[in-house]
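What follows is a short report on a single structure.
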Amino acid sequence: MKEQIIRAVYDNDTITVYQAFNKDIAESAVSNQTFISPPFKKERMTWIKPSFLWMMYRSGWATKENQENILAIKIKRSGFEWALKNSCLSHFDNNIYKSHEDWKEILNSSPVRIQWDPEKDIFLKSLNYRSIQIGLSGIAVEKYIADWIVSIDNITEYCKQIHQLVKEGKINQATIMLPDEKEYN
């Protein structure tokens, strides 16, 4: 299995995660500094990603439909750690779960799903380590929108500036602009 390490922008109190949304959800979230239903659907699982470049991969540098707006969301580390402690892998792993049935039972009762996907480089090509994606549902979404969020910023233009530099072959300039993610501990 490839290395699994959480890399993120964080400080003593917060960690930054990323999400991509359509304009209505993004504008509402920035205006209210949380997610308000509607347009946000708290009944659906919502995925947060500490990896900026994985978010760029997922959203196509903010070009995919309903992912045209990239939000940088600072959340409390206590909330992030609660999510990790109350999670289940989105796939069966016999090194962690006793049986497929045991995993399925935990999966069905867990408010948080964890998925490890190949991290991406600035060209959005896979690297040899994996980054975490965290799916929140039920009580986890409630906690996220009511307590964990510290601030929400729309960073779409910033993302597009980096992408433009990449398209122009100005990789050093683009790399300098990337968020300074470090191993989470």
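The values are calculated or read from the model by the stated rules, or taken from the named source; none is laboratory data. All of these numbers come straight from a predicted model, not from anything done at the bench. With ideal geometry, Cβ positions are generated from the backbone for all residues, glycine too; neighbour counts draw on all protein chains shown.
For the stretch 169-177, indicate whether the set of residues that are under 21 Å from Glu81 (Cα atoms), among the charged types (D, E, K, R) and at pLDDT 95 or above is non-empty. Even if it seems obvious, please write down each step before you answer.
Keep residues of the stretch 169-177 that are under 21 Å from Glu81 (Cα atoms), which gives none.
No, because not a single residue in the stretch 169-177 is under 21 Å from Glu81 (Cα atoms), among the charged types (D, E, K, R) and at pLDDT 95 or above.
Just to be sure, is Ile122 touching a Ser or Thr at 6+ places or on another chain (Cβ under 9 Å), at pLDDT 95 or above, farther than 24 Å from Asn22 by Cβ and not charged (D, E, K, R)? I'd like the intermediate steps shown before the answer.
Details: touching a Ser or Thr at 6+ places or on another chain (Cβ under 9 Å): yes; at pLDDT 95 or above: yes; farther than 24 Å from Asn22 by Cβ: yes; not charged (D, E, K, R): yes.
Answer is yes for this residue.
I need the full set of residues from the stretch 50-60 which are crowded, with 23+ Cβ neighbours inside 10 Å, outside any helix (DSSP H, G or I) and of a type outside the set (S, T, N, Q), in order please.
Within the stretch 50-60, Pro50 is the sole residue that qualifies.
Would it be correct to say that Tyr57 is at pLDDT 90 or above, farther than 24 Å from Lys143 by Cα and under 14 Å from the mean Cα position of the chain (by Cα)? Write out each step before concluding.
Numbers: at pLDDT 90 or above: yes; farther than 24 Å from Lys143 by Cα: yes; under 14 Å from the mean Cα position of the chain (by Cα): yes.
Yes, satisfied.
Please work out if Asn12 is of a type outside the set (Gly, Ala, Ser), under 23 Å from Asp180 (Cα atoms), in a loop (DSSP other than H, G, I, E, B) and at pLDDT 90 or above.
So Asn12 fits the description; yes.
Okay, residues lined up against (1) among the small types (Gly, Ala, Ser); (2) touching a residue at least 12 places away in the same chain (Cβ under 8 Å); (3) closer than 14 Å to Thr156 by Cα:
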| site | (1), (2), (3) |
| --- | --- |
| Tyr10 | no, yes, no |
| Ala20 | yes, yes, yes |
| Ser31 | yes, no, no |
| Phe35 | no, yes, no |
| Pro39 | no, yes, no |
| Phe52 | no, yes, yes |
| Trp61 | no, yes, yes |
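Which of (1) of a type in the set (A, V, I, L, M); (2) buried (at least 19 other Cβ atoms within 10 Å of the Cβ); (3) not in a helix (DSSP H, G or I) is the odd one out, the single condition Ile36 does not satisfy?
Among (1) of a type in the set (A, V, I, L, M); (2) buried (at least 19 other Cβ atoms within 10 Å of the Cβ); (3) not in a helix (DSSP H, G or I), Ile36 violates only (2).
Just for strands (runs of 3 or more DSSP E) wholly inside the stretch 66-158: which have at least 1 residues that are touching a Phe, Trp or Tyr at 6+ places or on another chain (Cβ under 6 Å), touching a residue at least 40 places away in the same chain (Cβ under 8 Å) and surrounded by 13 or more Cβ atoms within 10 Å (Cβ to Cβ)?
Values: elements: 69-76, 87-89, 112-120, 126-136, 149-154.
Filter on the stretch 66-158 gives 69-76, 112-120, 126-136.
Can you pull out the residues in the stretch 161-185 that are among the basic types (Lys, Arg) and assigned to a helix (DSSP H, G or I)? Walk me through how you get there before you give the answer.
Quick first cut of the stretch 161-185, residues among the basic types (Lys, Arg) only: 167, 170, 182.
The one that is among the basic types (Lys, Arg) and assigned to a helix (DSSP H, G or I): Lys167.
All but one of (1) in contact with a helix residue (DSSP H, G or I) (Cβ under 7 Å, 6 or more places away or on another chain); (2) touching a residue at least 24 places away in the same chain (Cβ under 8 Å) hold for Met177, so report the exception by its number.
(2)
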